[in-house]
Structures are given as C-alpha cells and as structure tokens.
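See structure below.
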Amino acid sequence: MFEDKTLVCRECGQEFVFSAGEQEFYQQRGLLNQPGRCPDCRRRRRQTMSAGNGERRQREMHVVTCAECGGEARVPFLPRNEKPVYCSDCFERVRAAR
C-alpha cells in the first residue's frame, strides 16, 4: 500500500526517506502531513525544546486581567476574546463550582 518516499528537509536541505512503515504510522495516528524535517533535524529541534537537563524549557507567559476578580494573572497561552481567563484562585473556584 505504501512505498518509501524521498523528501527534502526544510531546515538542512538534505534528502531523507519517509519509509512505508513511517507512512503507515502517520496514517494510524491520523497525521495528515508528511514530515518536513529529516530525523536529525527533528531530533535537534526536540533537544532545543528542552532545557538540556531533562526539564522543559520555560513557557512564555502572557499577562491578562482575570475575568472574575479583575486582578492580574499570568497564563501560558495567548488568550482569545471569546473565552474568559481567570487567575489561579478564581480558576479553582470556577472549576469546583462545575
């Protein structure tokens, strides 16, 4: 069903093989896009995503106003206007009330 494909890495420009087995794995997981990076560049990217000592890199935090108390809160995501964002204390209260 699947055949090995030769792809070009978007980071280093080297060719790499996207094997039939990898393609089947991607399909089983519902992944629609083929890899854009070679295995070495993917590995390097994963390593730079961590602090190097097994800990994850510090997340970028965004300052927002709590929708419940009006206080300042820091969240690890970029809020969208259609959903309320709460400080930690208010979030726990709102979650417990559900």
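List of remarks:
- Selection from the stretch 1-46 of residues that are aliphatic (A, V, I, L, M) and surrounded by 11 or more Cβ atoms within 10 Å (Cβ to Cβ): 7, 8, 17, 20, 31
- In the stretch 1-35, residue farthest from residue 45 (Cα to Cα) [restricted to those that are in a loop (DSSP other than H, G, I, E, B) and among the polar types (S, T, N, Q)]: 19
- Considered as a group, the residues in the stretch 60-90 that are in a loop (DSSP other than H, G, I, E, B) and among the small types (Gly, Ala, Ser) include one that is nearest to the chain's Cα centre (by Cα), and that residue is 67.
FYI, it's all coordinate maths here, none of it is from the lab. These numbers come from a predicted model, not from an experiment. Positions of Cβ are generated from backbone atoms using ideal geometry, with glycine treated the same way; all protein chains shown enter the neighbour counts.
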